Amino acid sequence: MSDENDIDLDVIRDVYRRERDRRIRPDGARQYARVAGDFGYYAKDPYTARTERAPVDDRVEVLIIGAGFGGLQTGAFLRDAGIDGIRLMDEAGDVGGTWYWNRYPGVRCDIESYVYMPLLEETGYVPTERYATGEEIRQHAVRIAEHYDLYRDTLFQTRATSLTWDEDAAEWIVATDRGDQFRARYVITSSGTLTQPKLPGIPGIETFRGHTFHTSRWDYGYTGGDQNGGLEMLRDKRVGVVGTGATGLQVVPQLAEHAKELVVFQRTPSTVDVRDNRPTDPEWAASLEPGWQRERMENFLAVLAGEPVEESLVTDGWTRTPSLQREILSGSFGETTDTEVDDAITMNRIRTRVDEIVDDPATAAVLKPWYRYMCKRPGFSDRYLQSFNQPNVRLVDTADTHGISAMTENAVVVGEDEHELDCVIFATGFEAGVSGVVSGTLPVAGRGGRQLLEAWGRGPRTLHGFYTHGFPNLLQLGAMQNANSVNFVHILQEQATHIAAVIARAERENAAWVEPSVDSEDAWVREVYATAHDTSAFQAECTPGYYNGEGTAAITGMTYSPGPVVFHRLLREWRDGDMSDVLVSTEQATARSQHTYAEATA
Ligand code: NDP
């Protein structure tokens, strides 16, 4: 198939199915080991030394769990609304969330920074490059925290261990792993998006005596250098890297430049499209009119959501393929062949690019992705494929063995072959999008002592994804029963705006608390399910990955299928109303508490 537009869909479908079938593992998502217990070492914070402190037993107005861009934006908008007693809490040693943890060499934003980095106009900052480095993004998180005075009262290196609603005081009692027990009128959770590292459950992984770490806990003490490179201490080292997702794409060129020998263990190749990064044009930056960032963010979101726009302001790899990106969300897979042809043309172009860049045909063949474009997170790099032309870099295909077979004291084993290494770096990703509230590691007892996960029974129940009946003043950020988009920071911005508006209104109107009525919650859950697109047909054809539950299940019905533009409009209109669905007056509060008491004692 040398002509990239010469498409035979039957042939392509056959190849894709074969590629999927040889990768499916019976253990699905269970193949990964939790980074705890014996593997706790992989999750240890290498960036900030632990500081001992006395337990806290005070009271704040608002506790925000998670100091990434979700928590920071919520804090910022609450400050704008005049709320004073805000406390940010995070397991990390500083703000930044994902960008606190991910400091591996080469780390960058893969969404244009002008739409990804929030509150640029508010903080008076313009990113220096189109795709900013991780360090620039992390420093921007610090800038936001400083600008909005959010460092005051923070509790870092602290994990909430339980939330208990105190009926009489109408506030939450918060316990932590530092022995704290303090009170908060409102608790907002915004955590777990991409912070918990995931390790493959490789037999013998614990026997390896060389050096090893996860990319999100980079050990510069071992490699030397920093996020910009200069990993001089690897000059005499044989290094293995496991994983070729978005992280692998960014880290491989850095390792290739510095390691004596680099072995890249690949299971499924990523798509690697053109990156085209460049410094910010100072003239363009000077020409920006007030309101430019909001306009650009909304334009990007609309283009990807397929909403009409006069002109696409961001033109990059994402805005070139919106219909392919929507395929995964729309459930329209198989209805027409048009998108499938577009998909095949795009994938052929991406496969042709591999041939154009990689010298060795056998290596190029292994690097070609054979699946539909959105089966995996699309990748972009102008350096990754080129790395495989270096004499010190070797690609090992682990597709037929379903990944690495084993590890020994000094080697990584794939099938019959042992690859002796001094260091193994895991670029194997994260437990995606799981907050402690959802996973159950942060138990929440609401009115009448009812546990949140118990109340949810067979599935989450919320109004707009934010709050649940029976759990007053608990507000959650995240994509669950809410909208989603590749520019997740924008999604978080809309959520933060909404939450801050609700709290500000509740305070202004002296509400007893914020809690959705049973009817409004029921209506929203029904709406989410009634409008949910069934994407299982698309997912079933994909190679396994976290998008499709490692090939075992379609992840459907969790987000609001009509999409972010529709959802944000709906939220704005709802905010223009009286908010009576969630603002609970003192009389209503008394009635609800009595009702709970009657239920509990029945
Ligand atoms: P991913 O989950 O995307 O990739 C994990 C990699 O590890 C895959 O290549 C996977 O192969 C491989 N792997 C897992 N188990 C094994 C095994 N047993 N043997 C061999 N290989 C194995 O993690 P990433 O950290 O790359 O990315 C996670 C997410 O983080 C991205 O999807 C993206 O949303 C985000 N990200 C964003 C960036 C940005 O610039 N904004 C940069 C980096 C990450 P397989 O595909 O076969 O499962």
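A short reminder: the numbers here are calculations on the coordinates, not readings from a lab. Being a predicted model, the structure only gives us computed values, none of them experimental. Counting neighbours? That spans all protein chains shown, and the Cβs are built from the backbone with ideal geometry, glycine included.
Remarks
- Spin-label proximity, Thr408 to the stretch 416-431 - amide N less than 19 Å from point 7 Å beyond Cα toward beta carbon: 416-425
- Magnitude of the charge dipole for the stretch 310-469, about its Cα centre and with charges confined to Cβ atoms of Lys, Arg (+1) and Asp, Glu (-1), is about 1060 debye.
- Under 13 Å from Lys198, Cα to Cα: aspartates and glutamates that are on another chain or at least 8 residues apart: Glu431
- Rounded to the nearest 20 debye, the dipole size of the chain about its Cα centre is 1160 debye, using +1 on the Cβ of Lys and Arg and -1 on the Cβ of Asp and Glu.
- Built amide H within the under 5 Å cut-off of Val60, gap 5+: Arg183, Ala184, Arg185
- Taking each DSSP H run with n ≥ 4 as -39500 (n - 2.57) and averaging over every residue of the chain yields -10000 deg cm²/dmol at 222 nm.
- Karplus 3J(HN,Hα) series, Hz, for the stretch 200-215 with 6.51 cos²θ - 1.76 cosθ + 1.60 (x for Gly, Pro): x, x, 7, x, x, 4, 7, 8, 5, 9, x, 8, 7, 7, 9, 4
- Packing-based ranking, highest mean first, of 61-68, 560-567 given that Cβ atoms within 10 Å are counted: 61-68, 560-567
- Ranked Phe426, Phe380, Phe182, criterion: other C-beta atoms within 10 Å, fewest first: Phe182, Phe380, Phe426
- Here r is the Cβ-Cβ distance between Val15 and Arg235 and R0 is 60 Å; the resulting FRET efficiency, rounded to 0.05, is 0.90.
- Span-rule helices in the chain, defined as complete DSSP H runs reaching 27 Å or more along the axis (Cα) with Kyte mean at least -1.0: 338-357, 488-508
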